[in-house]
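The values are calculated or read from the model by the stated rules, or taken from the named source; none is laboratory data. Since this is a predicted model, take the numbers as computed values, not measurements. Neighbour counts run over all protein chains shown; Cβ positions are idealised from the backbone, glycine included. Side chains included, ligands, DNA and RNA excluded: accessible areas come from the protein's heavy atoms. Shrake-Rupley method; radii C 1.70, N 1.55, O 1.52, S 1.80 Å.
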Amino acid sequence: MMRLLVAAFLAFMLATTGFFTFLPSAAKLTTPLVCNGGTIIPPQTITRKSKFYCEKNGQQSLINPFLLLASGVLVYTPLLYLPLLLIKPKQTTLGGKQPKPAKADIDARNQIQFARSTAATANVLDTEKGRYISSNGFRRDVEVILTLDVQRHGGSSYQAQTAWMVEELQFARIAIGNTIAVQIDADDPMVIYPSREFRHIKYSPWYTSNYF
């Protein structure tokens, strides 16, 4: 739509008699519409009131400026619109941000990242309801922000906070005080995934992904 508006605007600018005055050859393209079978005679001098004439069979007649303008729009709009169609627009969103990646791409990337994670256990220290809710038929997933005491298999422990999309029927499994199985991201130990045994729980920023 934007391309059409830009092309129409440019065509309108080109179609004015003032433009044809400064570039008389441009008016020649409108000959079949305003002077069919004849020749367009440009003005001798360049003024704001310059006039164009149609010479046909040895006679000259004044070309109506409105007819010339309308004809210019019809001629130049397709000529300008075609190049605009050939220009591929940049796929960016407001503010120059890149477009959101496709779900399939996110899923593939997350599957690889999850496969590199390491198994661990965690004690649930605190839970807090997040902002996001996802409903699908009879299922309702709610974002839950968990504060965890993560226990590595090597014996060391640390606290981390993570957000998971949890089905309401599964809330009891992540209650405060429970010890749950988790996966630690290979690149950032503060990123904690739900383990594969939590088949109804997904890591919140990637909740559209399916690890199972």
> Taking a point 7 angstrom from the Cα of Q151 along the C-beta vector, which residues in the range 165-189 have backbone N less than 13 Å away?
Replying inline: 177-182
> Largest first, what is the accessible-area ranking of Y193, Y158 with a 1.4 Å probe?
Replying inline: Y158, Y193
>> Sort H200, H153 by heavy-atom solvent-accessible area, probe 1.4 angstrom, most to least.
In response: H153, H200
> Whose amide H sits under 5 Å from the amide H of S117, counting only residues 5 or more places off or on another chain, with H placed in the peptide plane?
Replying inline: A186
> How big is D for the range 105-212, in µm² s⁻¹ as a whole number, if Stokes-Einstein is applied with the Kirkwood radius of its Cα pairs at 4 °C and 1.567 mPa s?
Replying inline: 93
> Just going by the charge dipole of the range 121-194, with Lys and Arg at +1 and Asp and Glu at -1 on Cβ, which of F138, L125, H153 is farthest out on the positive end?
Replying inline: F138
>> Going Cα to Cα from K129, which aspartates and glutamates come in below 18 Å? Please leave out same-chain ones fewer than 8 positions away.
In response: D141, E143, E167, E168
